[in-house]
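Since the structure comes first, as structure tokens, the remarks are kept for the end.
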Amino acid sequence: MRVEATEEDLKAAAESVLGARVRVSGRLDFGNVNSVYRVEAGGRAYALKVFTYDDWPEPGKLPWVESSLARAGVPRARLVHYTREATHFPHGFSLSEFVGGENCKAAVRRGSLTPAAYFGLAGALLKKVHAITLPRYGYIGDGVGMYEEFGDWLLDCDVKHVLGWVDDGTRPVET
């Protein structure tokens, strides 16, 4: 399921947040769940993400991630706006800073970044990200998690959900 987003819709949504005239630069080729577009205003670029589903990302997740990354000092594209309201799109949208540049894999292939330097940078970043904790397990939601025990999340998500795809008449979800 894709949410249809016209150029006029995208401009209206971004302009409502930025208070400036916006130009839509096109759809970005990343974002396998939501549709992501590059928009520009006031000499700056932004990524506008149109949410495809009502429950994904979970309500409250992106603001929690943003505040947690900020507190941990993790470099990131700053979240500028987040809403689940259907004013512009049925399931809401977010607007973040756009960080341009070459991705690390391409830099390693081109030789401008050594594999050792890449792994050092990635390790330092992941160390900061993984220092952020939740009191419970499962989907983040508003920063609490859904399950008291890791095994509960594992059974519900990794077992029940995956077995739900089995279509041989045995009803593995219930068994």
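The values are calculated or read from the model by the stated rules, or taken from the named source; none is laboratory data. Note that the structure is predicted; figures quoted are calculated from it, not measured. Please note: Cβ atoms are built from the backbone with ideal geometry, for glycine as well, and neighbour counts cover all protein chains shown. Accessible surface areas use protein heavy atoms only, side chains included; no ligands, DNA or RNA. Shrake-Rupley method; radii C 1.70, N 1.55, O 1.52, S 1.80 Å.
Going through 17, 65 one at a time, which residue ends up being open to solvent by 30 Å² or more (accessible area, probe 1.4 Å), outside any loop (DSSP other than H, G, I, E, B) and touching a His at 6+ places or on another chain (Cβ under 7 Å)?
Exactly one of 17, 65 is open to solvent by 30 Å² or more (accessible area, probe 1.4 Å), outside any loop (DSSP other than H, G, I, E, B) and touching a His at 6+ places or on another chain (Cβ under 7 Å), namely 17.
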| message | I'd like to verify a number: residues in segment 47-65 that are modelled with pLDDT of 90 or more and over 10 Å from residue 94 (Cβ atoms), how many? | response | 0
| query | List the pairs whose first member sits in segment 27-46 and is closer than 14 Å to residue 14 by Cβ, whose second member is open to solvent by 20 Å² or more (accessible area, probe 1.4 Å) and among the polar types (S, T, N, Q), and whose Cβ atoms are under 6 Å apart, counting only residues at least 6 apart or on separate chains? | reply | 38/25; 40/25
| request: State all residues of segment 77-102 that are surrounded by 14 or more Cβ atoms within 10 Å (Cβ to Cβ) and on the phi > 0 side of the Ramachandran plot; if no residue qualifies, say none. | output: 92
| message | Among the residues of segment 75-93, what is the count of those that are under 30 Å from residue 123 (Cβ atoms) and touching a strand residue (DSSP E or B) at 6+ places or on another chain (Cβ under 7 Å)? | response | 5
